[in-house]
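Right, one structure below, let's go through it.
The values are calculated or read from the model by the stated rules, or taken from the named source; none is laboratory data. Keep in mind it's a predicted model, so treat the numbers as computed, not measured. For neighbour counting, all protein chains shown are included, and Cβ atoms are generated from backbone atoms with ideal geometry for every residue, glycine included. Please note that ligands, DNA and RNA were not included when accessible areas were found on the heavy atoms of the full protein model with its side chains. Shrake-Rupley method; radii C 1.70, N 1.55, O 1.52, S 1.80 Å.
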Amino acid sequence: MQIGALGDIHGAFETVDDVMKRHANVPLWLSVGDVASNDGAYFAPVAPLYWIKGNNEDFDVIAAAIAGQPAAPALHYLPNGGPHLVGPWRVAALGGTFAPSWYNTPASALPPSKGRKTAATSIKLGKSRDDKRRHFVRDEVVFCKGLKHIDIFMTHEAPRPFYPAGRRIDSGKTVINEVLTAMRPRLHLFGHHHEFTDSIRQGVRSIGLDVVTRSYLLIDADSFKCERLDT
């Protein structure tokens, strides 16, 4: 059996449905966040999709999903932590982005948006709404470090070092490396940078997924052999 893995979706719902229909034998899919369109819309995928938060989401939709009211029956939100049982796998999640000024705040105390700003339409959803719930925090990182026997660790942020598009600034986050060292999952998946990479970090295979309109991944559920396919 193969399981699918998608990078950032950003509202490309027709593309996701086309990919799922192309692989009708794949029973479920994972996504590393940024599912929503820029206007905050979600969708009903044609196959089960298990997703973590990115930084450009409607966090009221995520709060409703945590409370048992998902945006669609086949859209399964994975809160930070775990283990989550996804098909045959034990999955851990650390969705969202790292912000030093909010890192020591309890997750429950991260303030919601003060309301949508009337800014240019090019500004992405999470930033235009200035919703601090888009971040992960120290308590969630500590919890993830204590998890063992994890098959897939899903994050939105990248581990270090990570130089997107060859730029000189390292966009990776040290705390992701720390969790990889402690957790030792069989495979790590991340997104956020819209760039496919395949490397070893802290002895763990770590794959950065491209934006879904460019490529996606099929993973053998037993051997963890990964196949990258162009969209």
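I'm trying to understand the selection: among the residues of the range 51-70, which are within 17 Å of H84 (Cα to Cα), surrounded by 14 or more Cβ atoms within 10 Å (Cβ to Cβ) and not aliphatic (A, V, I, L, M)?
Those that are within 17 Å of H84 (Cα to Cα), surrounded by 14 or more Cβ atoms within 10 Å (Cβ to Cβ) and not aliphatic (A, V, I, L, M): W51, K53, P70.
Mind listing whichever residues of the range 1-50 are open to solvent by 10 Å² or more (accessible area, probe 1.4 Å) and assigned to a strand (DSSP E or B)?
Q2, Y50, listed by residue number.
When you look at L75, is it in contact (Cβ under 8 Å) with a residue 24 or more places away in the chain and surrounded by fewer than 21 Cβ atoms within 10 Å (Cβ to Cβ), yes or no?
Judged against the criteria, L75 is a match.
Restricted to the range 148-180, and to residues that are at pLDDT 95 or above and among the hydroxyl-bearing types (S, T, Y), which residue is least open to solvent (accessible area, probe 1.4 Å)?
Result: T155.
If the requirement is being open to solvent by less than 10 Å² (accessible area, probe 1.4 Å) and within 15 Å of the chain's Cα centre (by Cα), which of these qualifies: I207, I219?
I207
So which residues in the range 18-54 are touching a strand residue (DSSP E or B) at 6+ places or on another chain (Cβ under 8 Å), over 18 Å from E157 (Cβ atoms) and not aromatic (F, W, Y)?
V19, M20, H23, N25, V26, P27, L28, A44, P45, A47, P48, L49
Is it fair to say F196 is in contact with an Asp or Glu (Cβ under 6 Å, 6 or more places away or on another chain), open to solvent by 10 Å² or more (accessible area, probe 1.4 Å) and not hydroxyl-bearing (S, T, Y)?
So F196 fits the description; yes.
Does R184 satisfy the criteria of being more than 16 Å from G96 (Cα to Cα), open to solvent by 20 Å² or more (accessible area, probe 1.4 Å) and modelled with pLDDT of 95 or more?
Yes: the conditions hold for R184.
Can you go through K132, K145 and tell me which one is at pLDDT 95 or above, surrounded by fewer than 22 Cβ atoms within 10 Å (Cβ to Cβ) and closer than 29 Å to I219 by Cα?
K145
Output the residues belonging to the range 56-92 that are closer than 19 Å to S108 by Cβ and touching a strand residue (DSSP E or B) at 6+ places or on another chain (Cβ under 8 Å).
Passing the criteria: I62, A65, I66, Y77, L78, P79, N80, G81, G82.
List the residue pairs whose Cβ atoms are under 6 Å apart, where the first residue sits in the range 17-44 and is within 20 Å of E57 (Cβ to Cβ), the second is among the polar types (S, T, N, Q), and the two are 6 or more positions apart or on different chains.
D34/N56
How many residues are of a type in the set (V, I, T) and more than 11 Å from the chain's Cα centre (by Cα) when one looks only at the range 19-78?
Adding up the residues that qualify gives 6.
If I go through the range 62-106 residue by residue, how many of them are part of a loop (DSSP other than H, G, I, E, B) and touching a Lys or Arg at 6+ places or on another chain (Cβ under 6 Å)?
Total satisfying the criteria: 5.
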